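Report on the structure given below.
The values are calculated or read from the model by the stated rules, or taken from the named source; none is laboratory data. Model, not experiment: these values are computed from the prediction. Ideal geometry is used to build each Cβ from the backbone, glycine not excepted, and the neighbour counts take in all protein chains shown. Side chains included, ligands, DNA and RNA excluded: accessible areas come from the protein's heavy atoms. Shrake-Rupley method; radii C 1.70, N 1.55, O 1.52, S 1.80 Å.
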Amino acid sequence: MRRGWKMALSGGLRCCRRVLSWVPVLVIVLVVLWSYYAYVFELCLVTVLSPAEKVIYLILYHAIFVFFTWTYWKSIFTLPQQPNQKFHLSYTDKERYENEERPEVQKQMLVDMAKKLPVYTRTGSGAVRFCDRCHLIKPDRCHHCSVCAMCVLKMDHHCPWVNNCIGFSNYKFFLQFLAYSVLYCLYIATTVFSYFIKYWRGELPSVRSKFHVLFLLFVACMFFVSLVILFGYHCWLVSRNKTTLEAFCTPVFTSGPEKNGFNLGFIKNIQQVFGDKKKFWLIPIGSSPGDGHSFPMRSMNESQNPLLANEEPWEDNEDDNQDYPEGSSSLAVETET
């Protein structure tokens, strides 16, 4: 009976946490809906007198608004991508691993299992990165998100403002959301500013629209400053081909820590997020290259490369090799001359 009560309480707490996790998203949605009303109705339709100015303001505003809401939607509802079955322990391996009480033997078991996988990164102690909650060997740049309760490919961070984990599947959308958010706030601030001055000087009648116009400028400027800082930081991360987690904790390879291990150069770093085709860079559709399980790396010495040092291939089945992005493995095992 007591156990049943505990399970019911635990389930209730989890349900409450899921509901509360949508509060930040709801706040953003309400602010955006108010800004739409304030700009379209109170500014353009009520305050602005010139018909031509109204049309221009409304067309440009809605063009930005569509991309802003589209990218926000994609950031929220694009599910984080998890490692495929290759990285999960089989039922037999899982039993062997859990029944083994000697840590050194467990460590060697993971090393043997990782020989057939494109895994280059290690823990700080040099051990194979293993998630004991998901029971899988973590692919490079993959981390376990405690909020989502799962391992996420190329995890960047968990963002409460989109109530989602930002990783390989939606990092492009998140960056676009930040960019269009900055543009949205900047556009509102620049077009509202002249009418803010007119209201301030008393050149326009003090009506209900005055409050909306004044507050619209204040909110737009406040969000603009914070978003520019955040967007600038992520632009720097993209230019170095780093995730937020890698910026705070240097990735460790078999040869040791290397903060620039995934840095391919400015242009290629951008292409790792947005893809090779520039026509898709501004549109929120998936164009990131690869499958999120393996990534190109800077040149590694042949003796330091675990795939060249081991005699065993990654997989015995030729079809399995097709799961990895073309060119990623060849770049990863490139030797120094």
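Structure summary
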| read-out | value |
| --- | --- |
| Test: residue in the range 193-208 that is under 34 Å from the mean Cα position of the chain (by Cα) and of a type in the set (Val, Ile, Thr) | no |
| Residue tally, condition surrounded by fewer than 16 Cβ atoms within 10 Å (Cβ to Cβ) and either of a type in the set (Lys, Arg) or under 27 Å from residue 174 (Cβ atoms) (or both), over the range 86-106 | 3 |
| Of all residues making up the range 199-241, the number that are open to solvent by 80 Å² or more (accessible area, probe 1.4 Å), modelled with pLDDT of 95 or more and more than 20 Å from residue 61 (Cβ to Cβ) | 4 |
| Residue in the range 248-264 that is surrounded by 15 or more Cβ atoms within 10 Å (Cβ to Cβ) and part of a helix (DSSP H, G or I) present | no |
| Qualifying positions in the range 29-63 - of a type in the set (Val, Ile, Thr) and in a helix (DSSP H, G or I) | 29, 31, 32, 40, 46, 47, 55, 56, 59 |
| Matching residues in the range 73-126 - criterion: being within 26 Å of residue 148 (Cβ to Cβ), part of a helix (DSSP H, G or I) and of a type in the set (Ser, Thr, Tyr) | 75, 91, 97 |
| Leading residue by the ranking (farthest from residue 239 (Cα to Cα)) among those in the range 183-198 that are touching a residue at least 40 places away in the same chain (Cβ under 8 Å) and open to solvent by 20 Å² or more (accessible area, probe 1.4 Å) | 187 |
